[in-house]
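Below: one structure, written as structure tokens.
Any read-out appearing in this document is the output of simple, stated calculations on the displayed coordinates, not a laboratory observation. Predicted, not measured: the structure shown is a model, and the values here were computed from it. Counting neighbours? That spans all protein chains shown, and the Cβs are built from the backbone with ideal geometry, glycine included.
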Amino acid sequence: MEWCESMPKIELHAHLNGSIRDSTLLELARALGDKGVIDFSQVEHVILKNDRSLSEVFKLFDLIHIVTTDHSSITRITKEVVEDFASENVVYLELRTTPKKNDSLGMSKRSYVEAVLEGLRAVSSVDVAFIPYNEEPRNLSSTLLSGVNENCYGNPRKRIFVRLLLSIDRRETTEAAMETVMLALEMRQFGVVGIDLSGNPAVGDWITYLPALRFAREQGLYVTLHCGEVSNSKEIHDMLDFLPQRIGHACFFEEEHWKRLKSSNIPVEICLTSNIRTLSVPTIDAHHFADLYKAKHPLVLCTDDSGVFSTSLSNEYKIAADSFGLGRKQMFELSKNAVEFTFADNVVKEDLRKTFNSGAENLE
Ligand code: 6MZ
């Protein structure tokens, strides 16, 4: 196995529906085609197309949502996405998704999130720890937090910590955003740790979501923002003023924004393939990863939408190593440092530090 696959990794920026397997998306689309809900022949080439601009990506998401947004599909996708990340040695996954309402399917934002939780429970190939330590009944917590479980043949079973972020879509109203925050608060006991602001960056106005984001923070939820995915100097400025606990992308930053970002030390979720494929950054050589890495700014490599961009976290580590001339040890350090930028509690962080420390011994 290549070093980038075998190395323990932390994924902090993965959208549930963007991480869907191609095969699952095609299967679900074909089934809807058979029912006459969509015209599969029109949809197939859109799914299989490789190069997409940022605006085309959001058109694809609208299509993906038609195909995936029912309870059983959401459960299935969650299960598969967690299994896929675990299979490439992601040891902590912060999965984000936009709770959706669809009256015709009897779906509320709450039942959508419940379907996601059902997916976490359905994972069988690895141990999934998603209930926070202080919520866990004693007997379960000792199993899930006491290192690697042994199966009956004595082989260590893989284990992954999963935490959830609920996303506010930039198309939503202030009230809808607030509903998502209230739901996140109710769902804290099931591993919801924060709020993400995402969606088409060409749509909506920062002021619309601000009351909900402020409320989330006051209530102790973590906040991460998609920031600077398109050129919008004022919005980037205002977002940095808000001091979120992390930001994603940071592609269209100007000198003043870099200064603010660096002085505030806000960790950046870097999505190399996504940024290149959507032309948010012209070439990999021009990517701001290089400058931020050199400046020792807190960074974490992430996939964004592993299904839509046909990538994996291991692949993102390989691309970074090859493009920026970094060795295995440096990549391991990068991965290990991400533990500190997770929105997990200290018990989980301590457990992850131990995982990385024992991984470091193997690196020698
Ligand atoms: C901004 C993105 C995104 O929430 O249905 N999303 N938002 N920028 C991006 N860069 C390419 N990639 C994904 O997952 C899909 C949703 O995540 C957001 C969009 O709102 C998209 O509809 P969920 O699980």
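Once backbone amide H atoms are built at 1.01 Å from N, residue 223 has 195, 245, 246 as its partners under 5 Å, excluding neighbours fewer than 5 places away on the same chain. The H on the amide N of residue 170, modeled in the peptide plane, is under 5 Å from the matching H of 198, 199, 200, each at least 5 residues off or on a different chain. About its Cα centre, region 173-302 has a charge dipole of approximately 440 debye under the convention of +1 per Lys or Arg Cβ and -1 per Asp or Glu Cβ, with nothing else charged. Against the empirical 2.2 N^0.38 Å (N residues), region 198-317 has a Cα radius of gyration ratio of 1.04.
So what is the relative contact order for region 262-364, in percent, with contacts set as C-alpha pairs under 8 Å and at least six apart? Contact order relative to length: 24 percent. Restricting region 162-265 to trypsin sites (Lys or Arg not before Pro) that sit in a DSSP loop and have at most 16 other Cβ atoms within 10 Å of their own Cβ leaves 171. Taken along the Cα-to-beta-carbon direction at a fixed 7 Å, the label points for residue 290 and residue 231 span 2.1 nm.
In plain terms, the chain from residue 182 to residue 279 could stretch by 31.4 nm, reckoned as 0.36 nm per residue minus the Cα-Cα distance. Over all other residues within a Cβ to Cβ distance under 15 Å of residue 283, the charged ones net out to -3, with Lys and Arg as +1 and Asp and Glu as -1. As I understand it, the dipole of region 151-241 uses +1 on the Cβ of Lys and Arg and -1 on the Cβ of Asp and Glu, about the Cα centre. Which of 195, 228, 213 lies farthest toward its positive end? The Cα lying farthest towards the positive end belongs to 195. Between residue 353 and residue 35, the simple spin-label model (points 7 angstrom out along Cα→Cβ) gives 4.9 nm.
Each Cα pair under 8 Å and six or more residues apart adds its separation to the average, and for region 10-126 the resulting relative contact order is 37 percent. Cross-link pairs exceeding 29 Å in C-alpha to C-alpha distance, out of 35/100; 59/259; 294/349; 318/354; 234/349; 234/294, comprise 59/259; 234/349. The shape of the chain comes out rounded: with a ≥ b ≥ c from the C-alpha gyration tensor, a/c is under 1.5.
For the chain, averaging the sequence separation of C-alpha pairs within contact (under 8 Å, six or more residues apart) and dividing by the residue count gives a relative contact order of 20 percent.
For region 52-133, the gyration tensor built on C-alpha atoms gives an oblate shape. Its axis ratio a/c (a ≥ b ≥ c) is at least 1.5, and a/b is not larger than b/c.
The Cβ shell under 12 Å around residue 264 holds other residues with a net charge of +3, Lys and Arg each +1, Asp and Glu each -1. Using a Debye calculation, one point per C-alpha and no hydration shell, please list log10 I(q)/I(0) for region 182-268 at q = 0.13, 0.26 Å⁻¹ in order. Log10 I(q)/I(0), no solvent term: -0.41, -1.36. Distance between the modelled labels on residue 323 and residue 72, one decimal in nanometres: 4.0 nm (7 Å Cα→Cβ projection).
Under a model in which nothing but the beta-carbon of Lys, Arg (+1) and Asp, Glu (-1) is charged, region 301-364 shows a dipole of about 180 debye around its Cα centre. Here the chain is treated with +1 on each Lys and Arg Cβ and -1 on each Asp and Glu Cβ, and its dipole about the Cα centre works out to around 480 debye.
The residues packed around residue 103, meaning those with a beta-carbon under 14 Å from its beta-carbon, carry a net charge of +3 if Lys and Arg are +1 and Asp and Glu are -1.
Ordering 53, 124, 108 by the number of other Cβ atoms within 10 Å of each residue's own Cβ, fewest first, gives 124, 53, 108. With the charge dipole of the chain set up from +1 on Lys and Arg Cβ and -1 on Asp and Glu Cβ about the Cα centre, the Cα lying farthest toward the positive end among the listed residues 166, 126, 315 is that of 126.
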